[in-house]
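Q: This is the structure I have questions about; it appears just below.
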Amino acid sequence: MFLDEARIGVVGGHGGRGCVSWRREKYVPKGGPDGGNGGDGGNVYLIADENTDTLSAFASRKRFEAQRGRFGMGKNKNGRCGADLWLQVPPGTLVKRADGELLADLRQPGDQVLVAHGGRGGYGNAHFKSSTRQRPDFAELGEPGEQQELSLELKLVADVGIIGYPSVGKSTLISVISAARPKIADYPFTTLVPNLGVVTVDDRSFVVCDVPGLIEGASEGKGLGDQFLRHIERCGILLHLLDLSHAMQDGSMDPGILVQEYRAIRSELTTYSPALAKKHEVVVLNKTDLTTQDLTPIVQGLKKQGIALFAHISAATHHGVNALMRQLLPLVLEARAKRERERQEAEEAEPLPVLTPHIDDDRMAAFRIEKRADGSLLVRGKRLEQLVRMTDVSQEGALRRFRDIVERIGLKRALGRAGMTDGTTVYIGDIQVNAYL
């Protein structure tokens, strides 16, 4: 089943909780804490895999979660980290967040993006021992993994996109030049999904895409074109196929209908995407086996209307097909080189990442306070929110540590300046913390 759009939810693996344990050995009555740390949860990645060309793997299953980290253990044994989850998508997949923001464009095989971070494993009680805290009786909870709702949109990557009106012979042509076996029949819209085929010419190969037939109004939702126009956006060259039988009227040949069909499709391309209409296009006349008449009137008639035929072929009898593929090869290589130059220029234009020093876990000074319409106060801060999620409030020692950090970073004073009273509701992230301050 071909699927070019999907919505999925991804969740990073939860971190394992830390362990509260005490060293117990013969003749060592007070060995001290030896609880190990929990393992980190696995991350979720999307990777472009050249062995798939559809998003059908996401048709029935919609939620994907990486492996969770294991709990810490005694004798300073840390828990095992969760395995990362790799989801394969076809090259040409756009990855967007739920709000429509573009997260990544996985164009080439091997392109990958991290879409959900795994949670950090909680520290065991051995981590908190110090000269002033010699008997820590608490450990951290594991941090929940990051959650994201994603929208996946596939735009097939091909060197040549075959376009044209329904039943002009697009599927027949791709079945002749490649190993693709699309459905072929004598009625419109036989092709309901795009088909990909690999063409080999003189030990070089390129990918051809057969797009379902376009009609006038396709960009507005008529026919099937509105669903599949996106797939030719990634094609380097457009092969526009015209059907000679449409020009044969009562024994004579009139190029007027071909001109009308050509201009209708060009109008739809421009309406859908101006950049799409600027792609290199070659116009090919198909089904020349239907007549023995001289094709000069057709060729000249199209030329007068600004339509230059690149070749005329018969896909059904294979006449002229091999010559057409040889003529396309240098154009394909030139289009590939152009796309590679554009990609390199885009990479060079990207600013270098700014590296910042790692902030220690107990330095939570970066936060902001927002006053809500209902009078409650909301505290935002990445490290502070992580601290709240990983604090086990059922342990007195953990709660005491949380209060010490809140006091040290000046959060209570800042809440007082923001108008906090005994009855004010306070949230850090999505957790209410009135009882813990």
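Q: Within segment 67-112, which residues are assigned to a loop (DSSP other than H, G, I, E, B), farther than 26 Å from HIS127 by Cα and in contact (Cβ under 8 Å) with a residue 40 or more places away in the chain?
A: PRO90, PRO91, GLY92, ALA98, GLY100, ARG107, GLN108, PRO109, GLY110, ASP111
Q: With the structure loaded, tell me whether LEU114 is in contact with a Lys or Arg (Cβ under 6 Å, 6 or more places away or on another chain), among the hydrophobic types (A, V, I, L, M, F, W, C) and open to solvent by 20 Å² or more (accessible area, probe 1.4 Å) or whether it fails that test.
A: Spelling it out, it is not the case that LEU114 is in contact with a Lys or Arg (Cβ under 6 Å, 6 or more places away or on another chain), among the hydrophobic types (A, V, I, L, M, F, W, C) and open to solvent by 20 Å² or more (accessible area, probe 1.4 Å).
Q: Run down HIS231, HIS246 and say which single residue is modelled with pLDDT under 80, in a helix (DSSP H, G or I) and out of contact with any Ser or Thr (no Cβ under 7 Å at 6 or more places or on another chain).
A: Within the list HIS231, HIS246, the selection yields HIS231.
Q: Name the single residue, out of those in segment 9-32 being part of a strand (DSSP E or B) and either out of contact with any strand residue (DSSP E or B) (no Cβ under 8 Å at 6 or more places or on another chain) or at pLDDT below 95 (or both), that is surrounded by the most Cβ atoms within 10 Å (Cβ to Cβ).
A: Of everything passing the filter in segment 9-32, TRP22 is surrounded by the most Cβ atoms within 10 Å (Cβ to Cβ).
Q: Within segment 356-366, identify whether any single residue is out of contact with any Asp or Glu (no Cβ under 6 Å at 6 or more places or on another chain), surrounded by fewer than 12 Cβ atoms within 10 Å (Cβ to Cβ) and modelled with pLDDT of 55 or more, and answer yes or no.
A: no
Q: (1) under 22 Å from GLU5 (Cβ atoms); (2) in a loop (DSSP other than H, G, I, E, B); (3) modelled with pLDDT of 90 or more: which one isn't true of VAL193, the others all being true?
A: Result: VAL193 fails condition (3) only.
Q: If you don't mind, there's one more thing I want to ask. Taking the conditions exactly as written (on the phi < 0 side of the Ramachandran plot and open to solvent by less than 10 Å² (accessible area, probe 1.4 Å)), does LEU152 satisfy them or not?
A: yes
Q: Residue by residue through segment 385-429, note down the ones that are assigned to a loop (DSSP other than H, G, I, E, B), more than 21 Å from GLY38 (Cα to Cα) and without any contact (Cβ under 8 Å) to a residue 24 or more places away in the chain.
A: Hits for segment 385-429 are THR421, ASP422, GLY423.
Q: Something else: List the helices (runs of 4 or more DSSP H) that sit entirely inside segment 255-332 and contain at least 2 residues that are closer than 14 Å to ILE163 by Cβ.
A: Passing ranges, in order: 256-272, 274-277.
Q: Let me ask something additional. So which residues in segment 243-277 are of a type in the set (A, V, I, L, M) and open to solvent by 60 Å² or more (accessible area, probe 1.4 Å)?
A: Within segment 243-277, MET248, ALA275 qualify.
Q: For ARG401, are the conditions met, namely being open to solvent by less than 60 Å² (accessible area, probe 1.4 Å), within 37 Å of the chain's Cα centre (by Cα) and of a type in the set (Lys, Arg)?
A: no
Q: Could you list all residues from segment 1-55 that are over 14 Å from the mean Cα position of the chain (by Cα) and basic (Lys, Arg)?
A: ARG17, ARG23, ARG24, LYS26, LYS30, listed by residue number.
Q: Being of a type outside the set (Phe, Trp, Tyr), surrounded by 19 or more Cβ atoms within 10 Å (Cβ to Cβ) and at pLDDT 95 or above, is that true of even one residue in segment 54-63?
A: no
Q: If you check GLU268, GLU220, which single one turns out to be at pLDDT below 70 and of a type in the set (D, E, K, R)?
A: GLU220
Q: Name the residues in segment 117-140 that are crowded, with 17+ Cβ neighbours inside 10 Å and more than 16 Å from GLY12 (Cα to Cα), would you?
A: TYR123, GLY124, ASN125, ALA126, HIS127, PHE128, PRO136, PHE138, ALA139, GLU140
The values are calculated or read from the model by the stated rules, or taken from the named source; none is laboratory data. This is a predicted model, so every value here is computed, not measured. Here Cβ is always computed from backbone atoms with ideal geometry, including for glycine, and neighbour counts include all displayed protein chains. We work out accessible area using only protein heavy atoms, side chains counted, and drop any ligands, DNA or RNA first. Shrake-Rupley method; radii C 1.70, N 1.55, O 1.52, S 1.80 Å.
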